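See below for the structure under consideration.
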Amino acid sequence: MAPKFGTSGLRGLVTELTEELVADHLRAFLAACDPGTGLYVGRDLRPSSPEIAASVARAAGSAGISVTDCGAVPTPALALAAMGAGAAAVMVTGSHIPADRNGLKFYTPAGEITKAEEAAILAALGTPAGAGGPGPATDSSAGPAYVARYVSAFGPQALAGQRIGLYAHSAVGRDLMAEIFAGLGAEVIELGRSESFIPVDTEAVDPATRQQLVDWASEYRLDAVVSADGDGDRPLLADETGRVVPGDVLGQITAAELGAETVVTPVSSNTGAEVSGRFARVIRTRIGSPFVIAGMGQAPGRTVGYEANGGFLLGFDAAGPAGPLPRLMTRDALLPLIAPLAAAKAAGGLAARVAQEPARFTAADRLQETPTELSRALLGRLSDAVERADFLAALGLSELAVDITDGLRMTLADGRILHLRPSGNAPEFRVYAEAETPEAAADLLARGLAHVRSAVDAGPAFPGRREA
């Protein structure tokens, strides 16, 4: 995969993320965006991340920018520290994609870069290097400040009596998560720690991991299992039975617990926010946090944003049960873990709290190593109503409505939803399903994914095509 700069920053194969390429994008970022008081740099636990972070620091230093090395920290912890200091930030991470890939996430002092800033950075590529400057300073306070944010807002008894399994794997925030949940009163049992990088996609949890969560919940008599993706901006939460709670359901619950008035979420999230009637307005966007942030900027009052992957953005200064919870305009994994678990105490358990939400459930998966041109070719064919009808007929389905805000989102005659979309930052084709039960969503996803795989493999003569 050739390196690509887009919604999630710069991503590509490690072998192609050369010092020159990294430096070019870093100089372009500094030329296009005001870095404020300097640049904070963080990284995940991939083997390639320390050297790429060093490349970022060298390039910033050569541009005369003051650099602060925060070490291995979650993305939201880095963003919180940088914004608090009035500084820009770069997180070295490939998020949930495999370890042979990596990337850079860019933050201005105001938060994640916008689509307009993305365009300006691309236009500034080729900015010449400067004469050089001092080496980076180190600062280890980002992690402790992130811990204090949640312990002070929710209090030391928020999760008292709960037995929480922490699926540590190779998440950069695993030790901070253990500290936070213990600080909230939970008994924490660490599980599955790995010194090798494991690409955990919280939006498409593989069957083996799902079974492992079920086994852990039973073996250790857990109230829940918590985890996050590699850089800590997407949550993973399983209930007392080990069943994964979808990220958009976590978003709905968290928004409600915080008293949000407006919810901003992509078209890939389930329709429970609208069905619940709890929010004054629900704004739908394209997929990606920059689009969610743009939507939040247009909404008044107590506004939050979340994605189907569970990443949660707090757009107002909220009040936690024990103290203030300041706004944080970047995806965060901890708030949509803590708020539902705190609410679960009064509901009689996490599964019971989830059951209070509207019966709209999503499931998602992806075809990996699918060239983007093949994915786009399939969507191009399906833009034709006859082709689309044939595609659905092969699954025994028919269409009620279509939304092309981002990819192809088909509302079916039975009220279920099938959404097809090429990934914007990896050679993957994503498939989303929504239905009235988790089982129905999983069944629709499995059938839809298999049919998409056949269609991609078949090319123009995809299964179900009606011959003239």
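The values are calculated or read from the model by the stated rules, or taken from the named source; none is laboratory data. Just so we're clear, the structure is a prediction, and the values are computed from it rather than from any experiment. Because the Cβ atoms are built from the backbone with ideal geometry, glycine has one as well, and the counts that use them run over all protein chains shown.
Here are the numbers for the structure shown:
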item	result
Scope the range 31-59; condition over 24 Å from Gly173 (Cβ atoms) and free of Cβ contacts under 8 Å to residues at least 40 places away in the same chain; matching residues	Arg58
Entirely in the range 347-442, the helices (runs of 4 or more DSSP H) that have 2 or more residues that are on the phi < 0 side of the Ramachandran plot, polar (S, T, N, Q) and not assigned by TED's automatic domain parsing to the domain that holds Thr265	372-382
Positions within the range 232-259 being assigned to a loop (DSSP other than H, G, I, E, B) and either within 13 Å of the chain's Cα centre (by Cα) or without any contact (Cβ under 8 Å) to a residue 24 or more places away in the chain (or both), in sequence order	Gly232, Asp233, Arg234, Pro246
Criterion: surrounded by fewer than 17 Cβ atoms within 10 Å (Cβ to Cβ) and in contact with a helix residue (DSSP H, G or I) (Cβ under 7 Å, 6 or more places away or on another chain) - qualifying residue of Gly272, Gly323	Gly323
Matching residues in the range 269-309 - criterion: being in a strand (DSSP E or B) and over 19 Å from Ile417 (Cβ atoms)	Arg281, Thr303, Val304, Gly305
Residue in the range 38-57 that is touching a strand residue (DSSP E or B) at 6+ places or on another chain (Cβ under 6 Å), over 24 Å from Gly230 (Cα atoms) and either modelled with pLDDT of 95 or more or not assigned by TED's automatic domain parsing to the domain that holds Leu122 (or both) present	yes
Subset of the range 169-202 (residues that are closer than 28 Å to Ala319 by Cβ, among the β-branched types (Val, Ile, Thr) and surrounded by fewer than 23 Cβ atoms within 10 Å (Cβ to Cβ))	Val188
Of the criteria (1) surrounded by fewer than 16 Cβ atoms within 10 Å (Cβ to Cβ); (2) under 15 Å from Gly448 (Cα atoms), which one Ala355 fails	(2)
The range 180-192, residues that are assigned to a strand (DSSP E or B) and farther than 16 Å from Asp215 by Cα	Glu187, Val188
Criterion: modelled with pLDDT of 95 or more and among the polar types (S, T, N, Q) - qualifying residue of Thr303, Thr330, Thr271	Thr303
Index of the failed condition, Ile97 passing every other in (1) modelled with pLDDT under 95; (2) in contact with a Ser or Thr (Cβ under 9 Å, 6 or more places away or on another chain); (3) surrounded by 24 or more Cβ atoms within 10 Å (Cβ to Cβ)	(2)
Single residue of Leu184, Leu222 found to be over 11 Å from Leu166 (Cα atoms) and over 23 Å from the mean Cα position of the chain (by Cα)	Leu184
Boolean, Leu166 is crowded, with 19+ Cβ neighbours inside 10 Å and farther than 30 Å from Pro98 by Cβ	no
Condition check for Thr405: buried (at least 17 other Cβ atoms within 10 Å of the Cβ), of a type in the set (S, T, N, Q) and touching a residue at least 24 places away in the same chain (Cβ under 8 Å)	no
Failed condition for Leu334, given (1) closer than 21 Å to Tyr107 by Cα; (2) touching a strand residue (DSSP E or B) at 6+ places or on another chain (Cβ under 7 Å)	(2)
Residues located in the range 207-231, provided they are of a type outside the set (A, V, I, L, M, F, W, C) and assigned to a loop (DSSP other than H, G, I, E, B)	Tyr220, Arg221, Asp223, Asp229, Gly230, Asp231
